[in-house]
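The values are calculated or read from the model by the stated rules, or taken from the named source; none is laboratory data. Keep in mind the model is a prediction, meaning the values are calculated, not measured. With ideal geometry, Cβ positions are generated from the backbone for all residues, glycine too; neighbour counts draw on all protein chains shown. With ligands, DNA and RNA removed, areas are computed over all heavy atoms of the protein, side chains included. Shrake-Rupley method; radii C 1.70, N 1.55, O 1.52, S 1.80 Å.
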Amino acid sequence: MRVMIVVWPLPAHLYPALPLAWALQGAGHEVCVASHPDLVDVITAAGFDAVALGTPQTMPSPSAVGDFLPSEEHRGRLTEALSLSPDDHVWTTFSTYTYASSRIFHPEDGAPQELWAGVDALVSMARHWRPDLVLWDPNWPSGAVAAREVGAAHARVLWGHDFVGWAAHRAAQGRESLRAAGLEDPVAELVRPSAERYGITVDDELLLGHFTIDPMLPDMQLRAPCRRVPVRRIPYGGPDVVPGWLHTPTDRPRLAVSLGTTQRAYDNDRSLVADLLDAVDGLDVDVIATLDASQLDGRTVPDNVRTVSYLPLGLLLPTCSAIVHHGGIGTLTAAVAHGVPQFVVADPTAAYAGNARYVHDYGAGRTVDPQTASDEMRKNLVRVLTEPSFQDAADRLRRDWLAVPSPNDIVPVVEGLVSSLRRGHRS
């Protein structure tokens, strides 16, 4: 069968989908990946044909996502109508980042013709290529529109928590309250103009797909009204050259420090860098910090810290006793896959709060607020490095991860679902 994968233009959204894409390709299926022109080089480097949706001149830059945030007034009305706490980190993530990252490439009612470049290019490609299955990023919901337009099966392929499915569930519960407040379902409103452009009805299937491929550990999944196909998230961060010093024996523990490439891209981590360098300064450990020149600008690097602008965690973590990170799901999963204890520095109200809390509650690490004093950070970090209970829990968590079906395991499941949907469509 032909499979078209649609992803939001960040490597952090593409990379989680690649192991399944490779598995589908290895099983003999044709696979292409559609996204913003900015991502095509990364897609082709991974071994797939890339479909550029629009051009750099007709598509907004992904870096402009902050310009598409909903107004505080609109967000406040939705929060009240749905009886949600404005400090709920799941709602905060959906109603800010997720909402804006969908809206940037999905115009509102009455938008000028030139703003439809991405949606129209995706539908045009679907009409031309005739995929049997469209796997779409929940942050690019017109993937469902393209699938419906050509009668293809379609499913969401998650890159992290199901913020959209969770919001759809809450909106369904609060439908009457939304109507009374004169508000539209916040999930439906992101894709409705695109659907109406092609005469397509907005329903639950359009919003959530025929099924959802979910790479989150079962205990981390958010409640949503969808059919889930669980898959083991295989950590992948792109290739690199193995440095000569990486496997040189050391006489003390090695500690990884990583704040993720997405945080770096959006300049979200500058103040935290200084605090973390202070926290590890003088510890009897060798620190490998994946920090680039912009993050280190004006910082003094301690003697026990080696900095590299980038090194795949799949190379680094097998040599480490623990990792310090920001709570991103990609970094967390890489640590889980290698059985490495984690020290997570995350704002308790931010998007990564749930990830940090999960690691902490499982016992596979500790979490602290970024406002924690360096001395207190250091004390908690030493515990993670020296107390055997954290390594024991990290080993158990890795076994939980291994128990989830691999991408190769779910290929027959996906094939069966698409086949049954085709039979249902014919009948």
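Brief remarks on what is shown
- Residue in segment 75-105 that is surrounded by the fewest Cβ atoms within 10 Å (Cβ to Cβ), counting only those that are within 15 Å of residue 192 (Cβ to Cβ) and out of contact with any Gly (no Cβ under 6 Å at 6 or more places or on another chain): 103
- All of 219, 203, 214 fail the test of being modelled with pLDDT under 95 and at negative phi, apart from 219.
- Selected residue (only one of 151, 174, 182 is buried (at least 18 other Cβ atoms within 10 Å of the Cβ) and not aromatic (Phe, Trp, Tyr)): 174
- Taking the listed residues 227, 252, the one that is open to solvent by 60 Å² or more (accessible area, probe 1.4 Å) and closer than 25 Å to residue 322 by Cβ is 252, with no other qualifying.
- Search result, residues across segment 299-341 that are assigned to a strand (DSSP E or B) and over 16 Å from the mean Cα position of the chain (by Cα): 305, 306, 307, 308, 322, 323, 324
- The one condition from (1) within 25 Å of residue 10 (Cα to Cα); (2) in contact with a Phe, Trp or Tyr (Cβ under 8 Å, 6 or more places away or on another chain); (3) charged (D, E, K, R) that residue 366 does not meet is (1).
- Test: residue in segment 50-70 that is of a type outside the set (S, T, N, Q), over 17 Å from the mean Cα position of the chain (by Cα), under 25 Å from residue 224 (Cα atoms) and open to solvent by less than 10 Å² (accessible area, probe 1.4 Å): no
- Options 36, 29: the member that is open to solvent by less than 20 Å² (accessible area, probe 1.4 Å), touching a residue at least 12 places away in the same chain (Cβ under 8 Å) and out of contact with any Asp or Glu (no Cβ under 6 Å at 6 or more places or on another chain): 36
- Restricting 370, 302 to residues that are surrounded by fewer than 16 Cβ atoms within 10 Å (Cβ to Cβ) and in contact with a strand residue (DSSP E or B) (Cβ under 8 Å, 6 or more places away or on another chain) narrows the list to 302.
- Segment 110-136 residues that are under 13 Å from residue 152 (Cα atoms), paired with ones that are open to solvent by 50 Å² or more (accessible area, probe 1.4 Å) and acidic (Asp, Glu) (beta carbon under 8 Å, 6 or more apart): 123/149; 126/149; 127/149
- Spans of helices (runs of 4 or more DSSP H) in segment 347-427 with at least 2 residues at pLDDT below 95: 353-362, 374-386, 407-426
- Evaluation of residue 108 against (1) within 23 Å of residue 62 (Cα to Cα); (2) open to solvent by 20 Å² or more (accessible area, probe 1.4 Å); (3) in contact with a Gly (Cβ under 9 Å, 6 or more places away or on another chain); (4) not in a helix (DSSP H, G or I) (one fails), failing number: (3)
- In this structure, residue 338 does satisfy being in contact with a Pro (Cβ under 7 Å, 6 or more places away or on another chain) and open to solvent by 20 Å² or more (accessible area, probe 1.4 Å).
- Qualifying residue in segment 187-210 (condition: closer than 30 Å to residue 233 by Cβ, touching a residue at least 40 places away in the same chain (Cβ under 8 Å), touching a Cys at 6+ places or on another chain (Cβ under 9 Å) and of a type in the set (S, T, N, Q)): no
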